[in-house]
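All remarks here apply to the structure that follows.
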Amino acid sequence: MNDSNFREKVEAIVAQIPQSRVMTYGDIAAVAGYAYAARAVGGIAHFGDPNLPWQRVVNRFGGLASGYPGGKRGHQEVLELEGFEVKDFKVVNFAEKRWLPDFL
DNA sequence: CGAGTGACCGCAA
DNA sequence: ATTGCGGCCACTC
């Protein structure tokens, strides 16, 4: 079950993120078991399953990601389609839209 | 097997 | 206030 399947854990969490909700890399890493593995989450995001809603994953400032397909530009577009309000490459009311997994 | 990279985070000057 | 540096983890070449 949880033999350092950091990758599966992160993918599972991201896949469970509800719509209109966002999570930070640090939070996901912490929930996965490694509070300082935010970078690893980013790496998984790039080489992980592209079907997962990585668009709901943002950095600690609620800002957009750097390497998202299409750049911040594309990320912002998708976020707005998800129902988010993006302002200056940052999610508005990000603190209120922040979400934590149930199984935690 | 070893080294480098990265969609990050936190602190210091 | 802004800029720069180091450090943690996993993945790829």
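Read-outs: derived from the displayed coordinates by stated rules, not from any lab. Model, not experiment: these values are computed from the prediction. Quick reminder, even Gly has a Cβ in these numbers, built from the backbone with ideal geometry, and neighbours come from all protein chains shown.
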Checklist entry - What number, rounded to the nearest 500 deg cm²/dmol, is the helix-based mean residue ellipticity at 222 nm of chain A, given -39500 (n - 2.57) per DSSP H run of at least four residues and division by all its residues? => result -12000 deg cm²/dmol
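Calculate the dipole size of chain A relative to its Cα centre from +1 charges on Lys and Arg beta carbons and -1 charges on Asp and Glu beta carbons; express the result in debye to the nearest 20.
I would put it at about 320 debye.
Given that compact globular proteins tend to follow 2.2 N^0.38 Å, what is the ratio of the alpha-carbon Rg of segment A:1-55 to that value?
1.01
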Checklist outcome for this item: By Cβ neighbour count within 10 Å, fewest first, A:46, A:75 rank A:46, A:75
Item to check | Ratio of the Cα radius of gyration of chain A to 2.2 N^0.38 Å, where N counts its residues | outcome: 0.99
